[in-house]
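Presented below is the structure to which this report refers.
The values are calculated or read from the model by the stated rules, or taken from the named source; none is laboratory data. Nothing here was measured: the structure is a model prediction, and the numbers come from that model. Every residue, glycine as well, gets a Cβ built from its backbone with ideal geometry; the counts of neighbours run over all protein chains shown. Accessible surface areas use protein heavy atoms only, side chains included; no ligands, DNA or RNA. Shrake-Rupley method; radii C 1.70, N 1.55, O 1.52, S 1.80 Å.
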Amino acid sequence: MSGRITILAAVTLFASLPPIQAGGQESGAVYRVPIHGDIELGLAPFVERSLELAKAAQAGVVILDLETPGGRVDAAQRIANAIGDSDVPVYAYVNRHAYSAGALIALATEGVFMRSGSVMGAATPVVGSGEKAPEKIVSAMRSQMRALAEARGLDPAVAEAMVDEDIAIPGVVEAGKLLTLTTSEAVDLDFATEVADWDALMAHLGLDASQRVEMEVNWAERIVRFLSNPIVAPFLLSL
């Protein structure tokens, strides 16, 4: 186990090094950052690097393309902090699913756009066995979701209901059921704006889609993502 932790720490260090500045990018470009699959420790430095490169290139906006079942809360919190510190406007594009930690990341941005037929929510933290995390962890997640909603002028109870099934909101969700919003429901509650697809999002924001810069995970981030994958990590620990 100590060997695996040492390797993971070393690769994470490489992934966290200051980014090499990108050259030849026009100012005002749209940086598209994919957040696909499980959210784990390799994803946080990737998003941080993307935001730094966007700042260095004087990008106009960063769009987080979300299609995730969720993942590690600590990684999502690190991403949320990077979004909050970004000098470039950051928006979320929910491209089908933004569950759990993905919902937290979406709410950390300046605005959420949801593709038709998408869903967002179900943010109760769980432990490795898949069971609900202790109340201490749930309370921290609930408070963070509430704070993010308050910062955007949204109903904090809706954000909390994504974490805690004991919260009831008349006409939205009853007690005992965890809140997951469809696109139309999120629009009705002012939590998102509906767009048909990526081109519609660009048109809505008044952006030039031809200036899109697609960010990709580098080798160090890819290794960290592999080693911290919820399926791979337990297997390596057993070895």
(request) Leaving ligands, DNA and RNA out of it, report the carbon-plus-sulfur percent of the accessible area of segment 36-169 at a 1.4 Å probe. (result) 47
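Where nothing but the Cβ of Lys and Arg (+1) and of Asp and Glu (-1) is charged, how large is the charge dipole of segment 43-194 around its Cα centre, in debye to the nearest 20?
Details: 12 positive and 21 negative charges, 77 e Å.
Dipole about the Cα centre, nearest 20: 360 debye.
Per the Kirkwood definition applied to all pairs of different Cα atoms, how many angstroms is the hydrodynamic radius of segment 18-175? Numbers along the way, then the final one.
Details: mean 1/r = 0.0624 Å⁻¹.
Result for segment 18-175 stands at 16.0 Å.
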(request) Enumerate the amide H contacts of Glu194 below 5 Å, restricted to partners 5 or more residues apart or on another chain; note that Pro and chain-start residues carry no placed amide H. (result) Met114
(message) Can you compute the modelled spin-label distance between Glu110 and Thr193, with each label point 7 Å from Cα toward Cβ, in nm?
(response) 1.1
(message) Show me the ranking of peptides 54-65, 90-101, 194-205 by mean Cβ neighbours inside 10 Å, starting with the highest.
(response) 90-101, 54-65, 194-205
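Can you give me the Kirkwood hydrodynamic radius for segment 101-192, using every pair of distinct Cα atoms, in Å to one decimal?
Evaluated over segment 101-192, this radius sits at 13.2 Å.
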(message) Show me the ranking of peptides 157-164, 42-49, 146-153 by mean Cβ neighbours inside 10 Å, starting with the highest.
(response) 42-49, 157-164, 146-153
(request) First select every other residue whose beta carbon is under 14 angstrom from the beta carbon of Ala196; then total the charges, Lys and Arg +1, Asp and Glu -1. (result) -1
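Under 13 Å from the Cβ of Glu160, count the other residues' Cβ atoms, weight Lys and Arg +1, Asp and Glu -1, and hand me the total. Can you show the working numbers first?
Values: positive: Arg142, Arg146; negative: Glu150, Asp155, Asp164, Glu165, Asp166.
So the surrounding residues net to -3.
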